1. Looking at this structure, is ALA92 among the hydrophobic types (A, V, I, L, M, F, W, C) and out of contact with any strand residue (DSSP E or B) (no Cβ under 8 Å at 6 or more places or on another chain)?
2. If I ask for residues that are in contact (Cβ under 8 Å) with a residue 24 or more places away in the chain and not in a strand (DSSP E or B), which ones from the stretch 48-69 would you list?
3. Scanning the stretch 1-47 for residues that are in a loop (DSSP other than H, G, I, E, B) and among the small types (Gly, Ala, Ser), which turns out modelled with the lowest pLDDT?
4. Which condition breaks for ILE72 when tested against (1) assigned to a strand (DSSP E or B); (2) modelled with pLDDT of 90 or more?
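The values are calculated or read from the model by the stated rules, or taken from the named source; none is laboratory data. Owing to the predicted nature of the structure, the values given are computational and were not obtained by experimental measurement. As a convention, Cβ positions derive from the backbone with ideal geometry for all residues, glycine included, and neighbour counts pool all protein chains shown.
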Amino acid sequence: MEFDWTGGFPEPHELSSGEIEESFEDPFSLRIFPDTELEPGREARYFCLGRSVAGKALFSVFWTDGKSHRVIFSRPATEEEIVFLERKTQEASI
């Protein structure tokens with residue numbers, strides 16, 4: 001998977017672009033598409049909840065054209081998001 005960092009995405013909360021990419025490559029990461037109607041001409045936004053190699057859980061908002069991903073925003077996951085990720089990971093391993 002390729003990432004497009006040309007949009008000048010700032011690295012908030014001391015997150016590196018490498019850590020963000022790792023969270024997308026996590027085999028147990030979750031990709032979520034919000035269940036909403038899009039207005040004409042608006043791009044779909046997706047959510048990714050995954051862990052970096054160091055185990056840091058990250059929440060990211062991104063856009064994709066199927067070939068490359070453009071991260072719009074990323075931050076450390078909240079406690080509730082971590083619990084959700086762990087529950088879904090356990091369900092997948094059953």
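1. yes
2. Across the stretch 48-69, the qualifying residues are SER52, VAL53, ALA54, LYS56, LYS67.
3. Ranking the candidates gives GLY8 first.
4. That leaves (2) as the condition not met.
This table checks each residue for (1) of a type in the set (Ser, Thr, Tyr); (2) surrounded by fewer than 19 Cβ atoms within 10 Å (Cβ to Cβ); (3) out of contact with any Asp or Glu (no Cβ under 7 Å at 6 or more places or on another chain); (4) closer than 17 Å to SER16 by Cβ.
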| residue | (1), (2), (3), (4) |
| --- | --- |
| PHE47 | no, yes, yes, no |
| VAL53 | no, yes, no, yes |
| SER60 | yes, no, yes, yes |
| GLY66 | no, yes, yes, no |
| VAL71 | no, no, yes, yes |
| THR78 | yes, yes, yes, no |
| THR89 | yes, yes, yes, no |
